[in-house]
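Taking it in order: structure first as structure tokens, then the write-up.
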Amino acid sequence: MAEESGEGSSRRLQVRFVTKLDAPFKVPAAAIAIPTDLSRFGLSSLVNALLQSNNADFEPEPFDFLIDGEFVRMSLEQFLLAKGISAERILEIEYIRAVTPRKEEDPSLHDDWVSAVDGSSSRFFMTGCYDGLGRVWIGAGLCTHILEGHSDAITSVCIINPEGMETVTVATASKDQTLRLWKLNTEEPVNHPMRVGAYKILRGHKSSVQSVAAETSGEMVCSASWDCTINLWQTSDFNAEDDLVSKKRKVGGQVEESQVEGEAFTTLVGHTQCVSSVVWPQREFIYSASWDHSIRRWDVETGKNLTDIVLNCLDIGGEASSLIAAGGSDPVLRIWDPRKPGTSAPVFQFASHTSWVSACKWHDSSSFHLLSSSYDGKVMLWDLRTAWPLSIIESHSDKVLSADWWKSDSVISGGADSKLCISSEIPLVR
């Protein structure tokens, strides 16, 4: 029993707990002696006890701990031994609020697999579904718009101007080989979901369109397809040279409005298998991931491939928005730093998933944090300062197909269980 409690046989260590958190999360600055066999959960219980001793109304809170900038994921004794840190001095241990959801919203059920999500706007988020419909939401269960028009499953969604004024532009990609562009008024109050048609259809791919991403100004989007190509498109709703106005057609006895059809103005060729994901973080460069096991960086002006790393989902972020995160058909999330020339080796690898990594996304205001989703049914939250996940979200009962951050402190995810799930109130120390 003494071994279980850890206090009977363990040595003791002088420590001082420090934090950048404001009141009521600050403990007294005095050094105290604690058992060396305490790990993260024991340290969290201890800090909660110290906080409650000063404030009886304090609600217990999960904490994480760092020593010399590295997360503690073993006992203090093991950590000190592994890092060669002396136990003879007063050890300073920083504590932060654990990066884990405090709240799980009720799932928002769809009619089929939820294959795509985008949480880049603080006012709303989007989902794409295998029922061929896009949906816009302002919260759990609160759908404001239904985007109709695709004849097959939606594979990717993209909010083109996430913080636009009243009217925002969004894009959807589909297995029907097209992309569609839509304009929405997200400020207009609605009592029930408003059904919306696209203002522009983008045709040109010869197979399923797997991914769509917007250029930073919102003037262009790029798309990735099973036909091994990446196409670039204009988003403007006026008739450019490459735009064709479709004729009015009768459907069900009613005449539909004319609809602009756009053609790609550039096609990037080089991948030899399905291009599964694209991102467009800077005007000059597009990144793509493919089933040919490569990630490529393209010069938009010349159309040339500048990088050929190894791999399949990807996102750009981290320090100076320069790190490439990617996952594929193995359970490993990998991070590359393309600023380091002459090497294709990842700088970080996270291997806690047990199946295909379906999505990865950097946090928009933290260079340390990112998330991943997997066919193992889990969403994991990561910090580059530790090899273990900060939190594992298990809201789904089947494969997780898509995931994103929303409002900086929430995670939205869609799965093969036809659920949209929201995990919220996630504190992040940036």
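The values are calculated or read from the model by the stated rules, or taken from the named source; none is laboratory data. Keep in mind the model is a prediction, meaning the values are calculated, not measured. FYI the Cβ positions are ideal-geometry reconstructions off the backbone, even for glycines, and counts take in every protein chain you see. Quick note on the areas: whole protein, heavy atoms, side chains included, nothing else; ligands and nucleic acids left out. Shrake-Rupley method; radii C 1.70, N 1.55, O 1.52, S 1.80 Å.
If only the Cβ of Lys and Arg carry +1 and only the Cβ of Asp and Glu carry -1, the dipole of the stretch 11-97 around its Cα centre is close to 220 debye. Taking 31 Å as the limit for the C-alpha separation, the pairs Lys20/Lys361; Lys206/Lys378; Lys200/Lys340 exceed it in the case of Lys206/Lys378; Lys200/Lys340.
Students often get this wrong, so try it: which of (i) 162; (ii) 299; (iii) 278 is volume of the Cα convex hull per residue in Å³ as calculated from the structure shown? Calculated volume of the Cα convex hull per residue in Å³: the matching label is (i). For the chain, the solvent-accessible area with a 1.4 angstrom probe is 45 square angstrom per residue. Measuring nothing but protein heavy atoms, the accessible surface of the stretch 103-424 at 1.4 Å probe radius is 47 percent carbon and sulfur. Taking every DSSP beta bridge that has both ends in the chain, the antiparallel portion is near 90%. Beta bridges assigned by DSSP with both partners in the stretch 11-97 are antiparallel in approximately 70 percent of cases. Local charge for Ile392 was computed over the other residues whose Cβ lies under 11 Å away, with Lys and Arg +1 and Asp and Glu -1, and equals -1.
Trp405: net charge of surrounding residues, Cβ under 11 Å, Lys/Arg +1, Asp/Glu -1, itself excluded? Computed value for this residue: -3.
For the stretch 11-97, carbon and sulfur atoms together expose 52% of the accessible surface, with a 1.4 angstrom probe and every protein chain in place. Phe368 sits with roughly 60 Å² accessible to a 1.4 Å probe, with DNA, RNA and ligands left out of the calculation. A simple charge model with +1 on the Cβ of Lys and Arg, -1 on the Cβ of Asp and Glu and nothing else charged puts the dipole of the stretch 106-210 at about 420 debye relative to its Cα centre.
For Asp68, the solvent-accessible surface with a 1.4 Å probe is about 120 Å², rounded to the nearest 10. Whole Å is fine, so just give me how far the alpha carbon centre of the stretch 89-127 lies from that of the stretch 128-203. For the stretch 89-127 versus the stretch 128-203, the Cα centre distance is 22 Å. The spacing between the stretch 374-412 and the stretch 340-369, judged by their C-alpha centroids, is 13 Å. Candidates Cys129, Ala87, His150 compared by Cα position along the dipole of the stretch 84-166: farthest toward the positive end lies Ala87, with charges placed on Cβ. Largest first, the residues Tyr199, Tyr287, Tyr375 sort by 1.4 Å accessible area into Tyr375, Tyr199, Tyr287.
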